1. Tell me, which strands (runs of 3 or more DSSP E) lie completely within the range A:203-259 with 2 or more residues that are open to solvent by 10 Å² or more (accessible area, probe 1.4 Å), touching a Phe, Trp or Tyr at 6+ places or on another chain (Cβ under 9 Å) and not polar (S, T, N, Q)?
2. Can you tell me which residue within the range B:172-196, out of those that are within 14 Å of chain A (Cβ to nearest Cβ) and touching a residue at least 24 places away in the same chain (Cβ under 8 Å), is farthest from B:PRO66 (Cα to Cα)?
3. Of B:ILE145, B:ILE199, which residue is in contact (Cβ under 8 Å) with a residue 60 or more places away in the chain and either part of a helix (DSSP H, G or I) or open to solvent by 20 Å² or more (accessible area, probe 1.4 Å) (or both)?
4. Say whether the condition of being more than 30 Å from A:GLY73 (Cα to Cα), charged (D, E, K, R), without any contact (Cβ under 8 Å) to a residue 60 or more places away in the chain and within 11 Å of chain A (Cβ to nearest Cβ) is met by at least one residue in the range B:156-165.
5. Being within 22 Å of B:ALA148 (Cα to Cα) and at pLDDT below 85, is that true of even one residue in the range B:42-64?
6. Determine which single condition A:LEU173 fails, assuming it passes every other condition in (1) open to solvent by 20 Å² or more (accessible area, probe 1.4 Å); (2) under 16 Å from the mean Cα position of the chain (by Cα); (3) among the aliphatic types (A, V, I, L, M).
7. One residue is enough: does the range B:213-225 have a residue meeting the conditions surrounded by 21 or more Cβ atoms within 10 Å (Cβ to Cβ), within 14 Å of chain A (Cβ to nearest Cβ) and β-branched (Val, Ile, Thr)?
8. Run down B:ALA169, B:ALA210 and say which single residue is under 19 Å from the mean Cα position of the chain (by Cα), open to solvent by less than 20 Å² (accessible area, probe 1.4 Å), within 14 Å of chain A (Cβ to nearest Cβ) and in contact (Cβ under 8 Å) with a residue 12 or more places away in the chain.
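The values are calculated or read from the model by the stated rules, or taken from the named source; none is laboratory data. The structure displayed is predicted, hence computed values, not measured ones. Cβ sites come from the backbone with ideal geometry, for glycine too, and all protein chains shown count toward neighbours. Calculation scope for accessible area: heavy atoms of the full protein, side chains included, ligands and nucleic acids excluded. Shrake-Rupley method; radii C 1.70, N 1.55, O 1.52, S 1.80 Å.
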Amino acid sequence: MIAQSIVEERSSTAVPRMDAAVANPVEINDLTVAYRDNPVLQDIDLTVPEGKLAAIIGPNGAGKSTLIKAVLGLVPTVAGSVRIYGKPYAQQRRLIGYVPQRNSVDWDFPTTALDVVMMGTYGRLGWIRRPGKAERDFAMHCLAQVGMDGYADRQISQLSGGQQQRVFLARALAQNAHIYFMDEPFVGVDAVTERAIVALLRELQRQGKTVICVHHDLDSAPDYFDWVALLNVRLIASGPFETTFTADNLRKTYGGTMKAAIEHFQHFEEDRRGSRIEN
Amino acid sequence: MGGLIELFSDYTLRNVALGSALLGVVSGVLGCFAVLRRQGLLGDALAHAALPGICLAYLLTASKTPVVLLLGAAVAGWLATLLILQIVKHTRISEDGALGIVLSTFFAFGIVLLTFITKRSDAHQSGLDKFLFGQAATLVEEHVITMAVLGGAALGMVALLYKEFKLLAFDAPFAASLGFDTNVLSVLLTSLIVIAIVIGLQTVGVVLMAAMLIGPAVAARQWTDRLGVMIIIAALFGAGAGVAGALISVSDEGIPTGPMIILSLTVIVLCSLFFAPARGLVWDALRRTRQRAALAK
């Protein structure tokens with residue numbers, strides 16, 4: 001509980017309240033990204049409102065991961081601009097947490113779970129300064145938040161895929177951010193991890209944070225998120241699930257002949273009616 | 001005991017031992033980062049690319065001062081790195097393809113220059129041919145001091161930027177998202193690897209220098225799951241192999257040092273691969289046999 005209050009205290013100092021009141025967490029204008037001559041993302045205009053759990057959904061090769069990377073300045077953009085609370089990303093780094101795809105790193109790297117989580121504090125530390133006891137304690141607290149505090153000293157290759165994913169999430173928590181970008185956090189994880197991630201997303205939302213998640217599973221998307229952006233190189237639609245996640249929009253996103261997507265959608269409609277009553 | 005006393009009283013032996021120990025420590029430490037970033041081959045390309053640099057430095061200045069020759073090597077290594085990066089960026093040639101092209105082109109050019117120098121001057125007057133396979137016996141105090149200064153600077157940088165280099169090696173995009181300039185870090189780390197190579201050129205030679213980066217790191221990785229420990233073990237292994245190989249080669253006239261060091265290193269690598277506690281292949285096989293026996297019961 002003490003640790004919990006530390007987190008909230010820290011984040012309240014980290015968030016520019018003034019900016020938050022006037023600007024949206026993420027505003028993307030006319031963004032175009034190309035690889036050689038092929039557009040990967042074209043003319044993306046997207047604004048994510050404060051406090052949303054947002055899913056970015058689209059078929060393979062739609063540019064979902066690229067969109068996150070472009071916002072974070074990790075891939076060169078051809079045109080367009082990105083604003084974080086009304087300012088360029090470079091000025092707002094401290095407000096952002098990033099969970100890359102799990103398979104983007106070599107998990108046989110000689111390091112421990114706790115050490116990976118501490119990397120989340122490196123941004124605050126800046127150049128040369130080493131993490132100390134405060135960073136270590138905070139990283140332990142972040143591990144505990146994803147139920148991994150018992151694995152702090154494990155070498156990371158000895159963790160299951162789901163546990164590795166939770167370590168990555170804990171590292172993003174250690175960034176103590178206000179906006180979290182997550183790239184496919186639900187891919188290849190066990191049921192325990194899936195529940196842990198969902199609980200974490202809800203907790204982040206309760207704390208007023210904004211989460212933007214690349215997600216591939218149309219079935220679970222409406223249950224886990226409350227806001228969606230449908231993407232296929234271009235932005236097809238964005239907004240709350242109720243008005244955005246329609247058969248028509250899904251057909252546009254996945255291609256008119258993609259029957260599977262539509263079936264998914266109908267399945268979801270039925271499900272949603274059921275789950276609304278339960279909730 | 002007698003051998004040890006002789007080692008430090010004999011001027012030549014002392015220089016040889018100190019020089020190769022230094023080279024082992026520096027290449028062991030930097031090799032860890034090269035191996036973890038899967039850049040072992042880059043080290044090979046840089047080492048081979050150093051040869052024309054050494055030859056041109058000699059041709060231009062007619063000086064055999066180690067600082068001048070090593071500077072030539074460093075500049076050539078640097079140019080090779082830039083060339084590789086540009087090829088990967090602007091063509092559809094993959095990184096290993098680019099490494100192969102640059103490595104062989106620079107080395108071929110170096111051999112041509114070396115032949116030209118050897119023919120022009122009195123056969124071995126230039127002494128540049130020792131850079132092919134290394135000749136530790138030619139190490140004098142001046143060389144050892146140059147190596148110590150360069151190596152000390154490189155190790156100092158690693159100590160200072162340990163956190164940043166670790167993050168770069170593990171997850172470069174994440175490092176970039178935090179605001180660390182990964183291009184600068186990457187170029188810096190590669191430059192330090194160039195220094196490690198330059199330090200080893202006279203002792204190990206351009207042909208085998210890459211093994212001096214890769215071997216200690218690979219062996220050390222078998223014994224630990226912590227980067228900090230791995231770096232220390234790699235430094236010790238590098239120094240051990242360096243000193244052992246150099247002393248063997250000096251004991252008999254005409255044995256090139258590079259191959260002896262690499263063979264000593266191979267013994268260390270093989271022992272580590274087979275017998276290291278957690279990852280050793282021998283214990284692996286034993287565990288499997290026991291499990292099979294337990295299951296059979």
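1. Once the strands (runs of 3 or more DSSP E) in the range A:203-259 are filtered for at least 2 residues that are open to solvent by 10 Å² or more (accessible area, probe 1.4 Å), touching a Phe, Trp or Tyr at 6+ places or on another chain (Cβ under 9 Å) and not polar (S, T, N, Q), what remains is A:234-240.
2. For the range B:172-196, the residue satisfying everything is B:LEU185.
3. B:ILE199
4. No: zero hits.
5. Among the residues of the range B:42-64, at least one is within 22 Å of B:ALA148 (Cα to Cα) and at pLDDT below 85, which makes the answer yes.
6. Checking A:LEU173 against (1) open to solvent by 20 Å² or more (accessible area, probe 1.4 Å); (2) under 16 Å from the mean Cα position of the chain (by Cα); (3) among the aliphatic types (A, V, I, L, M), the one that fails is (1).
7. Looking through the range B:213-225, at least one residue is surrounded by 21 or more Cβ atoms within 10 Å (Cβ to Cβ), within 14 Å of chain A (Cβ to nearest Cβ) and β-branched (Val, Ile, Thr).
8. Within the list B:ALA169, B:ALA210, the selection yields B:ALA169.
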